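To start, the structure itself, in structure tokens.
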Amino acid sequence: MPILMYHAVAAAPGDATRALSVAPEAFAEQMALLGDRGFTPVSTAELGASWRTGRPLPARPVLVTFDDGYEGVHRHGLPVLAEHGFAATLFVSTGWLRGAYDTGGALDTMLDFQQVRDLADAGVEIGGHSHTHPQLDMLDDDELRFELARCYEIVAGELGTVPVSFAYPYGYSSRRVRRAVRETGFAQALAVGNGLARRAQGPYALRRVTVRRSTGIEEFERLVEGRAIARTFARDRALTKGYAMVRRARQVRKAVRSRV
């Protein structure tokens, strides 16, 4: 099944988020297409519970997910979701949101916690996305536990209910990271991968497909129908493989330095 990964929904995004933002009009057109094609958006928690228990999902399920916590999800995204009665999941980096926990690392205008509560009250599932949005697999154990636990505690404290779903910043994880996510209390977690989600991927490595500002409506239709995904993201996969080699080299150097 397709899990769609959005970031910002913005008419005039900043340079840092432009490529991964979606224009409000495009988002509205994409959600209308889901409705017209008979898709039924479900939350990440609903998908996880269904795949664990065998409880059936509705016909043509799809997940609509947002990463980071940009203000446009509330301003532009929520009215469209409400118009269609669609479920969605928002993964927040708690140290990027406006308010008492802000660490100053945000790339664009972010939600505040009242807006996050508005989204939750409207039925949007709120999940975790770490505290300061680092590459989790590059952290030592103490740093990793802090990022996960701080995010979990803030979301639970602000909303009065614990988050059960997580998305890895940048999509990066490892066996150690996935174990830590599970031990923190998250029941399922999403990566990127740019492929359809399948039960065989396991509850802590579910793949998503990226929706960008450049994603036209015909390409969007192909993505949700599961057609030509490998061809669409061929360049991304090549870049990812190259960067993976760089990141592995950095991890080796860090491990060597820690032993010196």
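The values are calculated or read from the model by the stated rules, or taken from the named source; none is laboratory data. This structure is a prediction, so every number in the text was calculated from the model and none was measured. So basically every Cβ, Gly included, is an ideal-geometry build from the backbone, and we count neighbours across all protein chains shown. Only protein heavy atoms, including side chains, enter the accessible area calculation; ligands, DNA and RNA are left aside. Shrake-Rupley method; radii C 1.70, N 1.55, O 1.52, S 1.80 Å.
For region 18-40, give me each residue that is open to solvent by 10 Å² or more (accessible area, probe 1.4 Å), in contact with a Pro (Cβ under 8 Å, 6 or more places away or on another chain) and not polar (S, T, N, Q).
Once the filter is applied, which keeps residues that are open to solvent by 10 Å² or more (accessible area, probe 1.4 Å), in contact with a Pro (Cβ under 8 Å, 6 or more places away or on another chain) and not polar (S, T, N, Q), region 18-40 yields only Phe39.
If you check Arg52 against the conditions, is it basic (Lys, Arg), surrounded by fewer than 20 Cβ atoms within 10 Å (Cβ to Cβ) and modelled with pLDDT under 95? Break it down into steps so the answer makes sense when it comes.
Values: basic (Lys, Arg): yes; surrounded by fewer than 20 Cβ atoms within 10 Å (Cβ to Cβ): yes; modelled with pLDDT under 95: yes.
Taking the combined requirement at face value, the residue satisfies it.
Scan region 50-64 and give yes if some residue there is in contact (Cβ under 8 Å) with a residue 12 or more places away in the chain, in a helix (DSSP H, G or I) and closer than 18 Å to Val9 by Cα, otherwise no. Talk me through it step by step, then tell me what you get.
Residues of region 50-64 that are in contact (Cβ under 8 Å) with a residue 12 or more places away in the chain, as a first pass: 51-52, 57-64.
Then keep just the ones that are in a helix (DSSP H, G or I); that gives 51-52.
The next check asks that each one be closer than 18 Å to Val9 by Cα; those that pass are none.
So far as region 50-64 goes, no, none of its residues is in contact (Cβ under 8 Å) with a residue 12 or more places away in the chain, in a helix (DSSP H, G or I) and closer than 18 Å to Val9 by Cα.
State all residues of region 79-121 that are in a loop (DSSP other than H, G, I, E, B), under 19 Å from the mean Cα position of the chain (by Cα) and farther than 9 Å from Gly69 by Cβ; if no residue qualifies, say none. Outline the logic, then answer.
So the first thing to find is which residues in region 79-121 are in a loop (DSSP other than H, G, I, E, B), and the list is 85-88, 93-97, 99-109, 111.
Now restrict to residues that are under 19 Å from the mean Cα position of the chain (by Cα): 86-88, 93-97, 105-109, 111.
Those that are in a loop (DSSP other than H, G, I, E, B), under 19 Å from the mean Cα position of the chain (by Cα) and farther than 9 Å from Gly69 by Cβ: Phe86, Ala87, Ala88, Gly95, Gly105, Leu107, Asp108, Thr109.
Taking only pairs six or more apart or across chains, which ones have beta-carbon atoms under 9 Å, a first residue in region 100-114 that is free of Cβ contacts under 8 Å to residues at least 24 places away in the same chain and at positive phi, and a second residue that is part of a loop (DSSP other than H, G, I, E, B) and open to solvent by less than 40 Å² (accessible area, probe 1.4 Å)?
Gly104/Gly95; Gly104/Trp96
Quick one: in region 140-185, which of the residues that are part of a strand (DSSP E or B) and not hydroxyl-bearing (Ser, Thr, Tyr) is surrounded by the fewest Cβ atoms within 10 Å (Cβ to Cβ)? I'd like the intermediate steps shown before the answer.
In the first step, residues of region 140-185 are kept if they are part of a strand (DSSP E or B); the result is 165-167.
From the residues that got through so far, the ones that are not hydroxyl-bearing (Ser, Thr, Tyr) too are 166-167.
Numbers: Phe166: 29, Ala167: 32.
The residue in question is Phe166.
Only residues that are small (Gly, Ala, Ser) and outside any strand (DSSP E or B): list them for region 192-217, please.
Within region 192-217, Gly195, Ala197, Ala200, Gly202, Ala205, Ser214, Gly216 qualify.
Quick one: what pairs do we get from region 190-212, first residue over 12 Å from Ile3 (Cα atoms) and among the hydroxyl-bearing types (Ser, Thr, Tyr), second open to solvent by 10 Å² or more (accessible area, probe 1.4 Å) and modelled with pLDDT of 95 or more, C-beta under 6 Å, 6+ apart or different chains?
That search, which allows pairs on different chains as well, returns Tyr204/Arg178.
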